[in-house]
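Undergrad: Before I ask anything, let me first share the structure, which is written out below as structure tokens.
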Protein chains: 2
Amino acid sequence: MHKQDVTIYDVAREAKVSMATVSRVVNGNSNVRKSTRDRVQSVIKRLHYQPNSVAQGLASKRTTTVGLIIPDMTNMFFAELAQGINDIATIYRYSIILSSVSNELMKEEDTVQSLLNKQVDGMIYMSDRLSPAVHEVFDRTSTPVVLASTLDSDGDLQSVAIDYRKAMKQAIELLYQDGKRDLAFVISDYNATINVARRIPVFENFIKEHQLGVPRIYRDVLTYDQGEKVFAQLQQEHVDGVIVSSDLAAAGIINAAKSAGVKIPEDFEVIAAGSTKISDLVRPKLTCVRSPLYDIGAVAMRMLTKLMGDEELTHRKVKLPFSFVKQETTLNR
Amino acid sequence: MHKQDVTIYDVAREAKVSMATVSRVVNGNSNVRKSTRDRVQSVIKRLHYQPNSVAQGLASKRTTTVGLIIPDMTNMFFAELAQGINDIATIYRYSIILSSVSNELMKEEDTVQSLLNKQVDGMIYMSDRLSPAVHEVFDRTSTPVVLASTLDSDGDLQSVAIDYRKAMKQAIELLYQDGKRDLAFVISDYNATINVARRIPVFENFIKEHQLGVPRIYRDVLTYDQGEKVFAQLQQEHVDGVIVSSDLAAAGIINAAKSAGVKIPEDFEVIAAGSTKISDLVRPKLTCVRSPLYDIGAVAMRMLTKLMGDEELTHRKVKLPFSFVKQETTLNR
DNA sequence: GGCAACCATGCAAACGTTTTCAAAGATCGT
DNA sequence: ACGATCTTTGAAAACGTTTGCATGGTTGCC
């Protein structure tokens with residue numbers, strides 16, 4: 001059996017109508033007499049006709065396809081977001097073209113451009129860092145884009161996220177209230193927009209305001225192993241409270257701390273910001289900032305459907321509430 | 001700026017050649033004089049021409065797109081597989097259309113059919129269970145399909161996996177050698193092909209051969225919470241050695257065991273089969289069967305590229321070696 | 001019964017490429 | 001300088017839909 005055995009033309013011939021009418025039936029156009037519709041539909045069923053989406057895309061200039069740019073799908077943070085996006089996309093009958101840009105095989109802007117060439121109706125972009133080159137492509141195109149859990153410092157793109165400043169503030173205040181004074185911030189990517197524009201300023205301000213010395217920031221700590229390793233440094237510097245952007249790294253840190261015989265949370269507090277399940281399955285359970293990742297994805301995709309359908313958007317920037325979960329790596333009161 | 005501002009026709013006009021020649025240049029056809037090629041290429045650059053993939057797809061009947069059917073991308077097991085697939089796909093310049101079928105919004109066979117309508121050049125399918133309805137669609141189409149870490153009991157589809165029987169056997173033998181006699185098997189989906197056709201028979205046979213009573217199988221244990229919960233039952237039944245198909249569930253079980261004051265591995269041994277990072281970040285670290293997930297994905301995708309390129313396949317069924325990692329939830333010797 | 005208004009249908013031109021075939025140009029040996 | 005051969009090009013027909021426009025058929029109203 002060949003790839004395309006039966007076309008709209010075959011259906012038209014068998015049903016003794018024109019292609020136009022078959023097309024109308026397929027697309028649920030109401031301007032077809034009931035009897036005709038029934039006849040066409042029965043032929044469609046009999047011949048197992050399936051419309052060729054590529055031809056539809058070319059003729060209609062709509063592909064019912066959206067592009068998804070994701071840094072790393074093995075990162076649960078992004079996987080969770082993607083799931084929310086996927087579910088809403090499915091509801092609205094959009095397919096997802098996935099571009100994981102973790103590998104360095106292709107430049108990100110080329111990946112985005114390739115999505116555009118595929119004539120996607122819209123795109124959802126997630127990343128720690130929105131590069132100028134990518135931003136430029138977004139500016140050039142008329143295809144709608146929504147950022148999911150991604151910060152746009154230039155500020156003209158639609159986005160869905162949480163209030164990162166507030167989350168950071170809440171975290172550091174808790175450490176301070178718990179009496180910790182030698183605080184550190186452990187991040188994966190120093191240049192991530194979210195860090196540069198939000199978290200680091202809040203952290204540094206707090207340190208300065210409370211005269212806690214020089215702000216200690218540890219970079220490039222993303223994986224479990226990197227977390228384990230950085231603990232030695234933290235200990236050397238007598239850090240007693242730390243905020244960690246990656247859950248995996250936080251897990252590494254607490255496991256290393258336990259091995260070193262350090263008492264958590266009495267002598268060492270940890271707050272994670274990764275928002276993944278990991279915070280609940282390590283012991284002690286991680287106190288953490290938890291973004292509603294699934295919802296962020298879902299809302300972003302819903303926004304995109306509106307943009308693609310020329311509906312009006314009430315808000316360009318949506319901020320969803322996050323929760324701050326106090327668990328076992330901070331003192332409870 | 002509009003979606004498609006410049007077409008192949010514009011380039012042809014500006015470069016004073018025919019569309020055919022531009023097409024040749026774009027596709028790297030060597031039958032173009034150098035001077036012509038250069039002229040066309042400079043026009044392409046000047047006009048920022050980008051070929052419309054949809055039109056290319058329609059005309060050439062190749063979309064350079066593959067479909068990926070995945071049960072749940074928030075499951076690290078599948079995410080890891082997908083990453084391997086993605087990387088190889090990128091190398092060969094294929095785009096991925098993602099279909100996460102976790103939600104019940106769409107029947108799986110319809111999802112697959114929709115991928116086919118999109119004219120994907122090939123598909124990679126992963127699942128715990130390959131339903132007859134889906135299998136039928138695969139049989140009907142000429143589009144190549146490769147199964148990744150998925151068992152086809154009918155046995156006619158190409159696939160990449162590990163030797164599940166051997167893995168199961170190794171696991172249960174270890175428990176037995178460690179002196180455990182009250183063994184249990186904890187699985188997420190009782191009807192998963194991999195369980196029905198491979199693991200359960202091996203488990204039941206072993207129990208029978210060694211006269212260990214009635215085989216204890218606990219079903220529907222996939223999540224962390226379900227793992228925590230099932231531990232109570234395991235304890236009640238005095239189980240002292242358990243094989244768990246899901247890492248997340250295994251984590252729940254050991255955490256519950258620790259809370260209950262049960263000594264691992266002295267009084268209770270656990271072997272996980274999920275092959276994810278989770279086994280290393282819980283304490284005690286999980287002894288586990290580790291599938292080379294990334295490689296399975298990569299090999300599957302490589303096989304698919306061969307099938308799509310009409311290359312000959314040396315093996316229809318590929319079995320990759322797995323590793324059996326003894327860690328802290330079994331006695332070490 | 002006549003006219004307006006509307007419905008249902010068909011025709012044919014898009015949509016932006018690839019690809020086949022034939023023709024035109026270049027190269028070369030003699 | 002002449003075919004023969006090979007390379008480079010262009011014309012036009014696909015590919016399988018959608019859609020604007022025209023047309024013929026119905027219905028409704030007075």
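Undergrad: Identify all residues within region B:179-204 that are buried (at least 20 other Cβ atoms within 10 Å of the Cβ) and of a type in the set (Lys, Arg); write none if there are none.
TA: We begin by selecting, within region B:179-204, every residue buried (at least 20 other Cβ atoms within 10 Å of the Cβ); these are B:180, B:183-188, B:192, B:194-195, B:198-199, B:203.
Within region B:179-204, B:Lys180, B:Arg198, B:Arg199 qualify.
Undergrad: Moving to a separate point now. Go through region B:63-82 residue by residue and tally those that are surrounded by fewer than 21 Cβ atoms within 10 Å (Cβ to Cβ) and either more than 10 Å from chain A (Cβ to nearest Cβ) or modelled with pLDDT of 95 or more (or both).
TA: Looking only at that region, the number is 2.
Undergrad: Within region A:216-255, how many residues turn out to be closer than 13 Å to B:Leu281 by Cα and of a type in the set (Gly, Ala, Ser)?
TA: So the answer is 5.
Undergrad: Oh, and also: Looking at the structure I just gave you, is B:Met301 in contact with an Asp or Glu (Cβ under 6 Å, 6 or more places away or on another chain) and closer than 30 Å to B:Ser60 by Cα?
TA: no
Undergrad: Give me the residue from region B:299-333 that is of a type in the set (Lys, Arg) and under 19 Å from the mean Cα position of the chain (by Cα) and, out of that set, nearest to B:Ile69 (Cα to Cα).
TA: Within region B:299-333, the match that is nearest to B:Ile69 (Cα to Cα) is B:Arg302.
Undergrad: Further question: Tell me which residues, restricted to region B:8-51, are of a type in the set (Lys, Arg) and near DNA strand D (Cβ under 8 Å from one of its atoms).
TA: The answer is B:Lys16, B:Arg24, B:Arg33, B:Lys34, B:Arg37.
Undergrad: Continuing with this model, one more query. Out of region B:83-114, which residues are closer than 17 Å to A:Ile91 by Cα and more than 8 Å from chain A (Cβ to nearest Cβ)? Please lay out each step first, then the result.
TA: The initial filter retains those residues of region B:83-114 that are closer than 17 Å to A:Ile91 by Cα, namely B:97-114.
Selection gives B:Val101, B:Glu104, B:Lys107, B:Glu108, B:Glu109, B:Asp110, B:Thr111, B:Val112.
Undergrad: Which one is nearest to A:Lys166 (Cα to Cα), of the residues in region A:221-245 that are touching a helix residue (DSSP H, G or I) at 6+ places or on another chain (Cβ under 7 Å) and of a type outside the set (A, V, I, L, M)?
TA: Only one residue fits best here, namely A:Gly241.
Undergrad: Run down B:Glu109, B:Glu136 and say which single residue is touching a residue at least 12 places away in the same chain (Cβ under 8 Å) and touching a helix residue (DSSP H, G or I) at 6+ places or on another chain (Cβ under 6 Å).
TA: Testing whether each residue is touching a residue at least 12 places away in the same chain (Cβ under 8 Å) and touching a helix residue (DSSP H, G or I) at 6+ places or on another chain (Cβ under 6 Å) leaves just B:Glu109.
Undergrad: Next question. Could you check region B:56-97 and list, in sequence order, the residues that are out of contact with any Leu (no Cβ under 7 Å at 6 or more places or on another chain) and within 16 Å of DNA strand D (Cβ to nearest atom)?
TA: B:Gln56, B:Gly57, B:Ala59, B:Ser60, B:Lys61, B:Arg62, B:Thr63, B:Thr64, B:Thr65
Undergrad: Among (1) at pLDDT below 95; (2) facing another protein chain (nearest Cβ under 7 Å), there is one condition B:Asn29 misses while meeting the rest; what is its number?
TA: All conditions pass for B:Asn29, except number (2).
Undergrad: Continuing with this model, one more query. Quick one: is A:Asp128 more than 14 Å from chain B (Cβ to nearest Cβ) and of a type outside the set (Phe, Trp, Tyr)?
TA: yes
Undergrad: Report the residue count in region B:169-178 for those that are touching a residue at least 12 places away in the same chain (Cβ under 8 Å) and either surrounded by fewer than 21 Cβ atoms within 10 Å (Cβ to Cβ) or of a type in the set (Asp, Glu) (or both).
TA: Narrowing region B:169-178 to residues touching a residue at least 12 places away in the same chain (Cβ under 8 Å): B:169-176, B:178.
Next cut, either surrounded by fewer than 21 Cβ atoms within 10 Å (Cβ to Cβ) or of a type in the set (Asp, Glu) (or both) only: B:169-170, B:173-174, B:176, B:178.
Within region B:169-178, residues that are touching a residue at least 12 places away in the same chain (Cβ under 8 Å) and either surrounded by fewer than 21 Cβ atoms within 10 Å (Cβ to Cβ) or of a type in the set (Asp, Glu) (or both) number 6.
Undergrad: A further question follows. Any residue in region B:162-169 that is assigned to a loop (DSSP other than H, G, I, E, B), at pLDDT 95 or above and either under 29 Å from A:Leu281 (Cα atoms) or among the β-branched types (Val, Ile, Thr) (or both)?
TA: yes
Undergrad: Please work out which one of (1) out of contact with any Asp or Glu (no Cβ under 8 Å at 6 or more places or on another chain); (2) over 24 Å from A:Ala161 (Cβ atoms) is the condition A:Ala184 fails and give its number.
TA: Going through the list (1) out of contact with any Asp or Glu (no Cβ under 8 Å at 6 or more places or on another chain); (2) over 24 Å from A:Ala161 (Cβ atoms), A:Ala184 breaks only (1).
Undergrad: Would you pick out the residues in region A:276-315 that are among the small types (Gly, Ala, Ser) and modelled with pLDDT of 95 or more?
TA: A:Ser279, A:Ser291, A:Gly297, A:Ala298, A:Ala300
Undergrad: Sticking with this one: Please verify whether B:Val146 is of a type in the set (A, V, I, L, M) and either surrounded by 23 or more Cβ atoms within 10 Å (Cβ to Cβ) or within 13 Å of another protein chain (Cβ to nearest Cβ) (or both), treating the condition exactly as stated.
TA: Yes; evaluated as a whole, the condition is true for this residue.
Undergrad: If you scan region A:131-143, which residues turn out to be at the interface with another protein chain (Cβ under 9 Å from one of its Cβ atoms) and hydroxyl-bearing (Ser, Thr, Tyr)? Steps first, please.
TA: Step one: of region A:131-143, the residues at the interface with another protein chain (Cβ under 9 Å from one of its Cβ atoms) are A:140-143.
Residues satisfying the conditions are A:Thr141, A:Ser142, A:Thr143.
Undergrad: Residue under question is A:Asp154, and the condition is that it be over 19 Å from A:Leu293 (Cβ atoms), acidic (Asp, Glu) and more than 14 Å from chain B (Cβ to nearest Cβ); does it hold?
TA: yes
The values are calculated or read from the model by the stated rules, or taken from the named source; none is laboratory data. Small disclaimer: the values here were computed from a predicted structure and weren't measured. Cβ: placed from backbone, ideal geometry, glycine included. Neighbour counts: every protein chain shown.
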